[in-house]
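Everything below concerns the one structure shown next.
The values are calculated or read from the model by the stated rules, or taken from the named source; none is laboratory data. Everything numeric here is computed off the predicted structure, so don't read it as measured data. Please note: Cβ atoms are built from the backbone with ideal geometry, for glycine as well, and neighbour counts cover all protein chains shown.
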């Protein structure tokens, strides 16, 4: 029997702003199995991003426990949390967070510079492989200002994959993208989840984006209000095919 990817029990996070206490999570308990694709939804201030920060070892809870791949990370030191992040977790954010004066390849290589020494040739090979996986093999020497928003997000996803994480956390990854590009990005996540078995947890405020996942966990006021499988899942590959077919028909009508 496999160990759950994530187990949280009675997770509480309270922020202190001067003398004021601001509760962000009020006792969250749930389990995410390896290979699940989970969408976290809810209004601003509902606790979903705080929850992601805790399971991503970016912060520590006020109380409660958080197990990542069977290991309790709730009380680890900052150094230990950093080691877990580097080995086991990939992050993708709404802002692409790319270095503007370096190529896509160099941006993807960056996480490898913070771990054990790796020869430059091996770093380049692994970065190129990650870019190929997101369909950017031919653009690896371009700088961010030479790439579209969707291409920049693909670079960010490739960077998140460079250390072969078991868990991928994505915080509003389509927030800055148009509709078609959003579908393309969700297609990459679906493929990584299906083909590599990567556990994916995605934060989104868009109900249609959540439907690309297999499970939706809805937060409100720091608590889980609903946790259910996606009844009618959307598949990006099918939607892109229909999207392109519709575009071709439109172009044909215009040229007739």
Inset, instruction - Specify which of the listed residues (132, 106) is free of Cβ contacts under 8 Å to residues at least 60 places away in the same chain, part of a helix (DSSP H, G or I) and surrounded by 14 or more Cβ atoms within 10 Å (Cβ to Cβ). - result: 106
Inset, instruction - Please work out which one of (1) buried (at least 22 other Cβ atoms within 10 Å of the Cβ); (2) outside any loop (DSSP other than H, G, I, E, B) is the condition residue 82 fails and give its number. - result: (1)
Legend entry - Odd one out for residue 150 among (1) under 18 Å from the mean Cα position of the chain (by Cα); (2) under 25 Å from residue 58 (Cα atoms); (3) surrounded by 13 or more Cβ atoms within 10 Å (Cβ to Cβ): (2)
Legend entry - Residues of the range 83-101 satisfying the condition of being within 20 Å of residue 142 (Cβ to Cβ) and touching a helix residue (DSSP H, G or I) at 6+ places or on another chain (Cβ under 8 Å): 92, 96, 97, 98, 99, 100
Legend entry - Candidate set from the range 64-75 (those that are touching a residue at least 60 places away in the same chain (Cβ under 8 Å) and outside any strand (DSSP E or B)); member that is farthest from residue 145 (Cα to Cα): 70
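Return yes when residue 16 is at pLDDT below 95, closer than 20 Å to residue 221 by Cα and assigned to a helix (DSSP H, G or I) and no when it is not.
So residue 16 fails the test.
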Inset, instruction - Please tell me if residue 209 is more than 19 Å from residue 6 (Cα to Cα) and crowded, with 20+ Cβ neighbours inside 10 Å. - result: yes
Legend entry - Pairs with Cβ under 8 Å, 6+ apart, first in the range 76-98 and without any contact (Cβ under 8 Å) to a residue 24 or more places away in the chain, second assigned to a helix (DSSP H, G or I): 76/84
Legend entry - Count - residues of the range 1-13 that are within 30 Å of residue 197 (Cβ to Cβ), at pLDDT 95 or above and either out of contact with any strand residue (DSSP E or B) (no Cβ under 6 Å at 6 or more places or on another chain) or surrounded by 14 or more Cβ atoms within 10 Å (Cβ to Cβ) (or both): 8
Legend entry - Leading residue by the ranking (surrounded by the fewest Cβ atoms within 10 Å (Cβ to Cβ)) among those in the range 31-49 that are in a strand (DSSP E or B) and touching a helix residue (DSSP H, G or I) at 6+ places or on another chain (Cβ under 9 Å): 32
Inset, instruction - Examine the range 205-218 for a residue that is over 16 Å from the mean Cα position of the chain (by Cα) and outside any helix (DSSP H, G or I), and state whether such a residue exists. - result: yes
Inset, instruction - Six or more apart or on different chains, Cβ under 6 Å: which pairs go from a residue in the range 170-182 that's at pLDDT 90 or above to one that's in a loop (DSSP other than H, G, I, E, B) and surrounded by fewer than 19 Cβ atoms within 10 Å (Cβ to Cβ)? Could you list them? - result: 172/94
Inset, instruction - Could you please let me know if residue 61 is buried (at least 22 other Cβ atoms within 10 Å of the Cβ) and assigned to a loop (DSSP other than H, G, I, E, B)? - result: yes
Inset, instruction - Name the one entry in 154, 101 that is at pLDDT below 95 and part of a loop (DSSP other than H, G, I, E, B). - result: 101
Inset, instruction - Any residue in the range 1-23 that's free of Cβ contacts under 8 Å to residues at least 60 places away in the same chain and at positive phi: show its pairings with residues that are part of a strand (DSSP E or B) and surrounded by 10 or more Cβ atoms within 10 Å (Cβ to Cβ) at Cβ separation under 9 Å, as long as the two are six or more apart or on different chains. - result: 10/27; 10/28; 10/29; 10/63; 10/64; 10/65
